[in-house]
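What follows is calculated from the coordinates using simple rules that are stated; it is not laboratory data. Just so you know, these numbers come straight off a predicted model, no measurement behind them. Note that each Cβ is placed from the backbone with ideal geometry, even for glycine, and that neighbours are counted across all protein chains shown.
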Amino acid sequence: MNVLVINAGSSSLKYQFLNAETAAVLARGGAERIGLKDAFIKHSLNGADPLTLVIDLPDHKVAVQAVLDALTSDQHGVIKSMSEIDAVGHRVVHGGEKFASSVLITPEVKKAIRSCFDLAPLHNPPNMTGIEACEEAMPGVPQVAVFDTAFHQTMPRKAYMYALPYALYEKHAIRSYGFHGTSHAYVSQRAAAVLHKPYESLKIITCHLGNGASIAAIRNGRCIDTSMGLTPLAGICMGTRCGDIDPAIVTFLQEKEGLDAHAIDDLLNKKSGVMGLSGVSSDFRDLYAAAGEGHKLASLALDMFKYQCRKYIGAYAAAMGGVDAVVFTAGIAENTPDIRLGACDGLTYMGITIDAYKNNAVKAREAVVSTDDSPVKVLVIPTNEELAIARETARVCGIAI
Ligand code: ADP
């Protein structure tokens, strides 16, 4: 089954066209600067270097059509006609409490996604624009919504509620939702497969450490807790996001620095994290380079990131009453042995021991990096959210994979 996976942002539209059964990626790319001048599409076939197609893209509808034209083009296409696209899978960031799994998009589903706009004002509206653009361009092709929040809907109330007046939960749906659910689900299932253990029998802690970073506790195949909250700002510190801080800092800063709500939001989301602290960069490659040259704040940022990961691993082992596997995924964790080592440092008493030699040899590939006698297995599993979305799409369309 050929699935077109769409991740629509406000001025961008990333796509991957892949076979959900074989996982073969036929084409991938993205339309950028939609609605702006100098728009373009980057389009690459079968892993080849991307072609850049400069093209006017006034809106998402034109962008979707341009992607379809690229996929079916004589020169750089991969299919003869649109009829070879069996379904479209859309990444939708927020499903609120309405969606605990992926769904076929219907008018009712669209209404429910719209009702979550307030919870993800930067993400859900462009996701919807992408859905409607595809519906128009490909009438009759099944469209499926796959939510970042859905996997975390199994969290118990004691994990997802905040100790705020209950009326605020009833009025504004303020609670923890968690994000990166597609990735946490995918890598935890892969980990069970790599370990040859039934998924439903395991206690797994998944650490998705990319520009956005979150950690999840998965017991018997169900998420029971995760570090992000109402928004993707909570949890461990990230590239530019502060992660967990004392909430009183918000009002303190408003008073001392005269910041309004918008400025605070900008400060905590875009100017904080390892970048804000170190003043170097949000990119961990730059942080390691700076730390290597003696930059003290870069070293501090790296130490804090590892320490915060470690605290969550400890907390989630306690929450689950034990842990069988710790899984590292996404850009930072897949590529940086030192982050994995630091996140598990001192946890031998919990049965978690990394094999430094094995760990150093692993970058961006599936591997077990714990010692042979470590009771808890530590794994690196590269995430593949597009494949997970394609498989979810196939499942919703009734194709068993
Ligand atoms: P996103 O959340 O944008 O999907 P990714 O999972 O792609 O993020 O992670 C991006 C981050 O991963 C980069 O900002 C960088 O900090 C880190 N990263 C990527 N490649 C490497 C590498 N080879 N070494 C160290 N860090 C890396």
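Before moving on, here are some points about what is shown:
- The mean sequence separation of alpha-carbon pairs under 8 Å and at least six residues apart, normalised by the residue count of segment 88-208, gives a relative contact order of 28 percent.
- Long-range HN-HN contacts of D225 with modeled amide H, under 5 Å: A217
- The chain, relative contact order in percent, only Cα pairs under 8 angstrom and at least six apart counted: 14 percent
- Dipole-positive endmost among P165, T182, N360 within the chain (Cβ charges, Cα centre): P165
- Our coupling estimate for segment 358-368, obtained by passing each phi through the Karplus curve with A = 6.51, B = -1.76, C = 1.60 and θ = phi - 60°, is 4, 4, 5, 8, 9, 9, 6, 8, 5, 6, 8 Hz, Gly and Pro reported as x.
- Relative contact order (%) - segment 327-396, alpha-carbon pairs under 8 angstrom, separation at least six: 33 percent
- For segment 6-38 and segment 167-199, distance of Cα centres in Å: 24 Å
- Peptides 381-389, 49-57 ordered by average Cβ neighbours within 10 Å, highest first: 381-389, 49-57
- Radius 15 Å from Cβ of I352, net charge of other residues (Lys, Arg +1; Asp, Glu -1): +2
- A simple charge model with +1 on the Cβ of Lys and Arg, -1 on the Cβ of Asp and Glu and nothing else charged puts the dipole of segment 99-187 at about 420 debye relative to its Cα centre.
- Taken over the C-alpha atoms, the chain has Rg and Dmax values of 21.4, 62 angstrom.
- Coupling constants for segment 280-295 follow from the phi torsions by the Karplus curve (6.51 cos²θ - 1.76 cosθ + 1.60, θ = phi - 60°), and in residue order they are 9, 5, 8, 8, 5, 4, 5, 5, 5, 4, 5, 4, x, 8, x, 5 Hz; glycine and proline get x.
- A compact globular protein would have a Cα radius of gyration near 2.2 N^0.38 Å; the ratio found for segment 2-147 is 1.01.
- Given charges at beta-carbon only (K, R positive; D, E negative), |dipole| of the chain in Debye: 760 debye
- The overall shape of segment 198-380 is oblate: from the C-alpha gyration tensor, with semi-axes ordered a ≥ b ≥ c, the ratio a/c is 1.5 or greater and a/b is no larger than b/c.
- Environment charge at V323 (Cβ cut-off 12 Å; Lys +1, Arg +1, Asp -1, Glu -1): +2
- Each peptide in 192-199, 40-47 was scored by the mean count of other Cβ atoms within 10 Å over its residues; highest first, the order is 40-47, 192-199.
- Working ranking of peptides 276-283, 123-130, 76-83 by packing, defined as the average number of other Cβ atoms within 10 Å per residue, highest first, is 123-130, 276-283, 76-83.
- Inter-part distance where segment 276-351 and segment 65-113 are each reduced to a Cα centre, Å: 35 Å
- The residues neighbouring V141, those whose beta-carbon lies less than 10 Å from its own, together hold a net charge of -2 under the Lys/Arg +1, Asp/Glu -1 convention.
- Eligible lysines near K110 by straight Cα distance, threshold 16 Å, same-chain separation 8 or greater: K98
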